[in-house]
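In what follows, a single structure is set out as structure tokens and then discussed.
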Ligand code: NAP
């Protein structure tokens, strides 16, 4: 059996004990083991700060962009191998694996272009300067400089490739070295990606270190120049961000957590007419429930429909969900794989039970494990696409319990923008809300009332029906993150994600001096 290794201080570290198993979720066969026992985490941080950081800060944005381009290319060269590892450890079909792996290389490539555009500078001017004195002799300009610390990236199990690459792309472009920690249960793909980059020697020493297994006492040794970017459950986020050392040393802490994302059908969309906006709504909702077996932070969990449309929406969704073949992705007929681990299956079953106890009723799926096509009987962590209906007008389980699985609940509302926005807000802050409708005035009311409760608002309409990627795609040019329960973090969004790893500095002095230090014009113009 394969023993995963961490890459620290320029060498591979293989633990001797403390192993946790990695399994194939379609067969439950143990395929690897991981442990970080024996790593000196203080030395890891020193290596990043003392070797990786100076190397990156000596480079211009264009040079860092070139690094990202090489990294993206090397990883792309191994696409098929990575897809196979994703299938074996994450239970992904090829399209689902590609969402993760091509998402990773695509995001690195996107930021390579951003770096190239920023060019031969090392400092980013931020917005316009301002005259502070009676003349330009006293001027102010904000500018971004790389932090002199380490970016510690803690990732969730569901995106072992994209999860670390989207964070690393931003940190490296900012000039900050990375220590990355994949979720242990699905660390096979991330470990191999690091190995590919190490073998290809595309990155300077100290720029990328990886931990397979726990982070030990690493977080207790962070300082004020460091940045933690965490993706995972709201519970873990709360534990980590309230630790005494975190509060005392105050490294920047970015959180991407749970989210009860909502898809909202506006009242002007008539199912019977089968127009472009209706078709987009059905296609998006089914995809966002079943892609990666619903194990996406941006998946649709709540489906809000005018009460008069409830039966038509339910019937249309059930008819599509009935066509989804669930099983081992090694079987070509399979369209949706298993949940990633026994713990995830257990949590999903418990979650459906909580929704039912909270008043929801099942209209498709049992909420219990099923056998999957192409897997031995009784083996594999399979759950059918599961649809429930509930009254969402009051706060309750449906607005609080994220079931991280192909599970969503239909919620009738009164047809008003206010009624829909009120239910969306009960989720406590989401990563993405999608709304489908062609009535501009209704849409405007909805956005005014629901916009502040979500990080991204995806508007499905006749205009976008032919082009839109779906609400679940976190694209590097658009902000990823949401308020409240979703963590309050910000990632991606072009330069927004890069500046998470930089310090904004107010430079003051004579105009020419200040502008010289800040690096010519504002690159965001
Ligand atoms: P999780 O259990 O919270 O774990 C997330 C990461 O935190 C893992 O790498 C885990 O490592 C690590 N971790 C757990 N306890 C830790 C500790 N005490 N110190 C340091 N690291 C610790 O979440 P998950 O089950 O992997 O992911 C599912 C959740 O992530 C869902 O709730 C989903 O909504 C959320 N998610 C959010 C986004 C987003 O962008 N907002 C994206 C994807 C997923 P081990 O695996 O070694 O325990």
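Taken together, the values in this text are just the output of simple stated rules run on the coordinates, not laboratory data. Keep in mind that what you see is a predicted model, and the values were worked out from it rather than measured. So basically every Cβ, Gly included, is an ideal-geometry build from the backbone, and we count neighbours across all protein chains shown.
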Subject >> Antiparallel bridge percentage (DSSP; both residues within the chain; nearest 5) >> reply: 40
Subject >> Euclidean distance of C-alpha centroids, region 348-384 and region 1-66, integer Å >> reply: 35
Subject >> CD proxy at 222 nm, helix term only [per DSSP H run n ≥ 4: -39500 (n - 2.57); per residue of the chain; nearest 500] >> reply: -10500 deg cm²/dmol
**OP:** Could you tell me whether the chain comes out rounded, prolate or oblate from its Cα gyration tensor? Rule is a ≥ b ≥ c as square roots of the eigenvalues, rounded for a/c under 1.5, then prolate if a/b exceeds b/c, otherwise oblate.
**Re:** oblate
Subject >> Cα centroid separation - region 462-484 against region 151-174, whole Å >> reply: 19
Original post:
From the square roots a ≥ b ≥ c of the eigenvalues of the alpha-carbon gyration tensor of region 445-525, which class results: rounded (a/c under 1.5), prolate (a/b over b/c), or oblate?
Top reply: prolate
**OP:** Sort region 280-357 into rounded, prolate or oblate with this rule: let a ≥ b ≥ c be the square roots of the eigenvalues of the Cα gyration tensor; rounded if a/c is under 1.5, and if a/c is not under 1.5, prolate when a/b is larger than b/c, oblate otherwise.
**Re:** oblate
Original post:
Helix 94-118 versus the longest principal axis of the chain: what is the Cα-based angle in degrees, 0 to 90, to the nearest 10?
Top reply: 30
**OP:** First measure r as the distance between the Cβ atoms of residue 201 and residue 475, then evaluate 1/(1 + (r/R0)^6) with R0 = 22 Å and state the FRET efficiency to the nearest 0.05.
**Re:** 0.15
**OP:** Return the whole-Å distance between the Cα centroid of region 283-343 and the Cα centroid of region 193-252.
**Re:** 33
